[in-house]
Amino acid sequence: MYKLYHAPRSAALGIWVLLEIIGEPYELEEIDIYSDAPRDPEFLRINPNGWVPALLYPGGAMYEAAAITIFLCDRHPEVKLAPLPDEPARGPFLQWMVYMAGTLQPAYQSFYYSFRFASREEDYPSVRARAGTRLAEIWQVLDDALDPGPWLLGDRFSACDIYLYMLSTWLADEHTPISAFPNVARCVDAVSGMPEVAGVFD
Ligand SMILES: N[C@@H](CCC(=O)N[C@@H](CS)C(=O)NCC(=O)O)C(=O)O
C-alpha cells in the first residue's frame with residue numbers, strides 16, 4: 001500500500017497519475033502548503049523541507065518528485081513507463097527526468113518563491129522577471145527535443161511525458177504561453193487526453 005502526500009497544483013500530481021496507472025491500492029493525504037501554518041511534525045519527519053510530494057511505501061519513505069517517479073517506474077515495469085536500465089533509451093529517460101527536476105523546476109521556484117532567491121524585497125520582481133525568461137529558454141530546449149517526437153523519448157511514451165505535462169500546468173498568464181512551443185503543446189495535448197491524467201488534473 002502506498003501513501004502519497006500531495007497538494008493541489010503541486011509536483012505530487014504527476015505521482016498521483018502514476019499511482020492511478022499502476023493500479024495498486026494507495027492512500028492520499030493533503031498537506032496545506034499554501035498557508036504559513038507550521039507543518040505537521042509527523043510530515044516533517046518524512047520530508048524535513050515540508051514539501052510535497054512525499055511517498056510512503058512498504059518498508060520506507062522518500063521525497064523528491066523525480067526520484068519518486070523513477071522509483072515507481074522501476075518497481076512496476078509492467079506499466080512500461082520507463083526504459084529498463086539495460087535499454088539504450090534509459091539514458092535519455094534519466095536525462096530528461098533530471099533536466100526537468102534540476103533545471104525547469106528551479107526556474108518555477110524562482111518565480112513562485114522569489115523571496116527564497118533574493119535577500120531584499122525590492123529584488124523580488126527582478127528575480128521573478130528573470131525566472132520568466134528562463135522558463136521560456138528551458139521550454140524551448142524541450143520543444144526542440146520533442147521534434148519530431150511525438151514524445152520526449154521519440155516514439156516511446158514514458159513517465160517523462162507525464163512529468164512534462166505536469167510542469168506545463170504551472171505556467172502563469174505572464175509567461176510565454178505553451179502555444180509558443182508547438183511540439184510541447186502537441187505532447188501536452190496528447191497527455192491531457194489520458195483518462196488517468198484527466199482524473200487527477202480536473
Ligand atoms: N525538489 C522538490 C520540490 C518540491 C516542491 O517545491 N513542492 C512544492 C509544491 S510543487 C511545495 O511543497 N512547496 C511548499 C513550500 O515550498 O513551502 C521535488 O521535486 O519534489
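Each value in this text was obtained by applying a stated rule to the coordinates, not by laboratory testing. Everything quoted here is computed from the prediction, not taken from an experiment. Glycine gets a Cβ as well: all are built from the backbone with ideal geometry, and neighbour counts include every protein chain shown.
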- Check region 34-41 and report whether any residue there is of a type outside the set (D, E, K, R), on the phi < 0 side of the Ramachandran plot and surrounded by 11 or more Cβ atoms within 10 Å (Cβ to Cβ). no
- Scanning region 4-26 for residues that are buried (at least 17 other Cβ atoms within 10 Å of the Cβ) and away from the ligand (no atom under 11 Å from the Cβ) gives L4, W16, V17, L18, L19, I21, I22, Y26
- Test P92 against the stated conditions and say whether it is under 14 Å from D161 (Cα atoms) and of a type outside the set (G, A, S). yes
- Item | Identity of the residue in region 1-26, hydroxyl-bearing (S, T, Y) and in contact (Cβ under 8 Å) with a residue 40 or more places away in the chain, that ends up nearest to D74 (Cα to Cα) | Y2
- Which of the residues that make up region 27-55 are more than 9 Å from the ligand (Cβ to nearest atom), without any contact (Cβ under 8 Å) to a residue 12 or more places away in the chain and of a type outside the set (D, E)? S35, A37, P38, P41, L44, R45, P48
